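First comes the structure, then the notes that go with it.
The values are calculated or read from the model by the stated rules, or taken from the named source; none is laboratory data. Everything quoted here is computed from the prediction, not taken from an experiment. No Cβ is skipped: glycine too gets one built from the backbone with ideal geometry, and neighbour counts run over all protein chains shown. SASA here: full protein model, heavy atoms, side chains in, ligands and nucleic acids out. Shrake-Rupley method; radii C 1.70, N 1.55, O 1.52, S 1.80 Å.
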Amino acid sequence: MKAFETISWKNLKKHFESIRNKNILSYFKDDNRLNDFAFEFANIYFDFSKHRWDKKMLRLFSDFARDMKTRQAIEDMFSGKIINLTEKRAVLHTALRQQNDEAVFVSGRNVIQDIRKSEAQIKNFTGKVISGEWKGISGKRITDVVNIGIGGSDLGPKMVVKALTNYRNHLKMHFLSNIDPFKLDALINKINLETTLFVIVSKSFSTQETLTNAKKIQEIYLDKFGKTAIAKHFVTVSTQIEKARKFGINPDNIFPMWDWVGGRYSLWSPAGISIPLAIGYEKYQLLKAGAYAMDNHFRNEKFEKNLPAIAAFLTLLYNNLYGYETEAYIPYADKLQFLPDFLQQLIMESNGKSVDLSGQAVNWQTGNIVWGNTGTNAQHSFFQLLHQGTKIIPVNFIAERQNKNTRFKENHKILLANMIAQSEALMIGDRNEITYKNFEGNRPSTTILLDEITPESLGSLLAYYEHKTFTEAWLWQINAFDQFGVELGKRLANRILEDFEQSTHHHDSSTQTLIRKISK
Ligand code: F6P
């Protein structure tokens, strides 16, 4: 189905031409803007009103989504159909947070039973580590946990653990992702090997960075404490049980995951094990419950009021009609420091595709560029460009209304005043005859205000972004769930590694010279 050849898209485009030069501010005079564009969802306030669109545009996008049979696509995902066509896999991160036991089948197997079994295993293990029942090689309780993983096996858990700082227990959490030895050296110098637990997270159990880092650490343990230390200090999460076993992991310390959960969607699966270690299993369940609430909203709410769908419509509005190529994510909450990194992988690895679901080259723009940093820091670095640059960048502001855990309430107020001021300034601008002092305004933004960052509200927020990504992909008719674009670099890196030792492969002169400079 060619999305942009449908009548509904043509209608939408026609209406777009009639509003494209309108100023956002004018909409606030014409109608009761917030009635149509502001929503409360379980203690989270979503404001989509400061955008370059009107009510009719939202309706036409909803018609377009209906025309594209988006409802059916959503059901196909939730019910375990093989929607990742290139890898012939179901996509069931939603089953991982399902709060009831209704069966979900993949190739005739009820995955909910597998999930419940795995949850019991995770609950038992994390409980033992937190309580101190799990002991290291010298009989001491665990004080530090190191998550060794990269991409989806790092970004989600790291982001959540930081976001839920206020819910953390005594365990010190570390995340080792890069192969750069700088990080590994620093980590080894910092921790006490006798009281540290390593969690190797690799869905494929073939990721060079993760396995190399894990191997180096394992060697240190073998050298210092002998073989018996491995079972006390290393556990792993993977779909590849046999590979993990061969790597030397005790079979009892292997937490299986499944090929129907994608890496960047895996924080809900055993790959997110650092989260229950850091905050306890019960609170991890609340994170899932929050996501489940958003799942139900996405599955059932009509598109005009469907939060992930509305967010996806906005991306199409800017990406495919106005021609804005990037979107910024600016959390005004240091606890959400890693949210932009997480969203970069979620959105760009999912939707950076240029063939459609039938394998044909697309002739429309797909995944846009996602970037960002925390406010107010960002105001003092790149906001100049957002306000007066030639490029227009829709901004997503995210914050928590109250911060109960601080003594410095005034700081929190200043933080939020700044965020609101930025969204207002982007929209209203400031006319000035002196050209360099002039602000054009009319620059769009979304504001999401969580009452508080709790496991539940964070869960809902993350599911909102996942479903936004899915909806965009569906409307663009691309597969959000594969990532073949990362493979070529991995293959070439292995060849280059060989060429450092002995030059056997042919390269262009630039590449050849770089290899020579490093190998000499
Ligand atoms: O190279 C990209 C990628 O495959 C991501 O999709 C994934 O999240 C990451 O690498 C890590 O993969 P794994 O969990 O298999 O080690």
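At 1.4 Å probe size, with every protein chain present, just tell me what the per residue accessible area of the chain comes to in Å². Value for the chain: 45 Å² per residue.
Geometric descriptor of region 327-457, per residue, is 131 Å³ (volume of the convex hull of the Cα atoms). For residue 200, the residues 5 or more places off, or on other chains, whose built amide H falls under 5 Å of its own are 148, 235, 236, 237. What percentage of the solvent-accessible surface of region 18-90, computed with a 1.4 Å probe over protein heavy atoms, is contributed by carbon and sulfur atoms? Carbon and sulfur together cover 50 percent of it. When only Cα pairs below 8 angstrom with a gap of at least 6 residues are kept, the chain shows a relative contact order of 18 percent. Membrane-span-like helices in the chain: DSSP H runs reaching 27 Å or more (Cα, own axis), mean Kyte hydropathy at least -0.5? Helices passing the filter in the chain: 111-131, 409-428, 455-476.
The charge dipole of the chain, taken about its Cα centre with unit charges on the Cβ of Lys, Arg, Asp and Glu (plus for the first two, minus for the last two), comes to roughly 580 debye. Among the trypsin sites (Lys or Arg not before Pro) found in region 57-135, those both in a DSSP coil and sparsely packed, with 11 or fewer other Cβ atoms within 10 Å of their Cβ, are 88. Over 23 Å, how big is the tail of the calculated P(r) for region 1-122, in percent of all Cα pairs? Considering region 1-122, 56 percent of its Cα-Cα pairs are separated by more than 23 Å.
Taking 18 Å as the straight-line reach from the Cα of residue 413, the lysines in range (excluding those fewer than 8 positions away in the same chain) are 335, 404. Among the GluC sites (Glu not before Pro) found in region 349-452, those both in a DSSP coil and sparsely packed, with 13 or fewer other Cβ atoms within 10 Å of their Cβ, are 433, 440. Against the compact-protein benchmark of 2.2 N^0.38 Å, the Cα-based radius of gyration of region 98-161 scales to 1.50. A DSSP coil position with no more than 13 other Cβ atoms inside 10 Å describes the following trypsin sites (Lys or Arg not before Pro) in region 413-447: 431. Evaluated at q = 0.12, 0.13 Å⁻¹, the base-10 log of the normalised Debye intensity for region 95-282, with identical point scatterers placed on the Cα atoms, takes the values -0.54, -0.64. Normalised by 2.2 N^0.38 Å, where N counts its residues, the alpha-carbon radius of gyration of the chain equals 1.03. With all protein chains in place and a 1.4 Å probe, the accessible surface of region 95-282 carries 51 percent carbon and sulfur. The ellipsoid equivalent to the alpha-carbon distribution of region 14-78 has semi-axes of 25, 19, 8 angstrom, derived from the gyration tensor eigenvalues as √(5λ) and listed largest first.
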